[in-house]
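Enquirer: Following this message is one structure expressed as structure tokens.
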Amino acid sequence: MNNSSDPRRPDKEVRYKPIVSNSQAQPGDDLTPDYMNILGMIFSMCGLMMRLKWCAWVALYCSCISFANSRASDDTKQILSSFMLSISAVVMSYLQNPQPMSPPWASAMQ
């Protein structure tokens, strides 16, 4: 193949450089695991302190979402501690009151 018929121009090639921003969260970062981790801790503490079983279950749900969406590079200690805190909230709420959970809106209908 003849080199003169090549339509590419090597003098016009520009190397890609990603934009460096000063903010902590890059546009490609997904903050869902962090938000779910914080929500899980808040609901765990509400479940433990106020003895609300539904808060403990929501905390376990948030911790599972946080664990499922986390990356390998994320802090595993924090995710594991949130997960264990939510499990302990569920266990402690059922140890204090072993009756089945009634939904929060059931008391409003009576």
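Enquirer: Which peptide among 47-57, 90-100, 65-75 comes first, and what is the full order, when sorted by highest mean count of other Cβ atoms within 10 Å? Intermediate results must be reported in sequence, preceding the final value.
Expert: Working: 47-57: 18.1, 90-100: 11.8, 65-75: 13.7.
Going from most to least packed, we get 47-57, 65-75, 90-100.
Enquirer: Lys77: which lysines have alpha carbons under 29 Å from its alpha carbon, excluding same-chain residues fewer than 8 sequence positions away?
Expert: Result set, ordered by chain and number: Lys53.
Enquirer: A further question on this structure: Candidates (i) 221; (ii) 110; (iii) 381; which is the computed volume of the Cα convex hull per residue in Å³?
Expert: (i)
Enquirer: Suppose all protein chains stay in the model; what accessible area per residue would a 1.4 Å probe give for the chain, in Å²? The partial results should precede the final answer.
Expert: On the way: 9040 Å² over 110 residues.
Computed with neighbouring chains in place, this is 82 Å² per residue.
Enquirer: Quickly estimate the mean residue ellipticity at 222 nm for the chain, helices only: each DSSP H run with n ≥ 4 gives -39500 (n - 2.57), and the total goes over all residues, rounded to 500.
Expert: Details: 4 runs with 61 residues, N = 110.
Taken over the chain, the calculation gives -18000 deg cm²/dmol.
Enquirer: First compute the accessible area of the stretch 4-110 with a 1.4 Å probe, then give the percent of it belonging to carbon and sulfur atoms. All intermediate terms of the calculation are to be shown ahead of the outcome.
Expert: Working: 5380 of 8600 Å².
Taking all protein chains in place, the stretch 4-110 shows 63 percent carbon and sulfur surface.
The values are calculated or read from the model by the stated rules, or taken from the named source; none is laboratory data. Everything numeric in this text was worked out from a predicted model, so none of it was measured. All Cβ positions, even for glycine, are placed from backbone atoms using ideal geometry, and neighbour counts span all protein chains on display. Remember, those area values only see protein heavy atoms, side chains included, never the ligands or the DNA or RNA. Shrake-Rupley method; radii C 1.70, N 1.55, O 1.52, S 1.80 Å.
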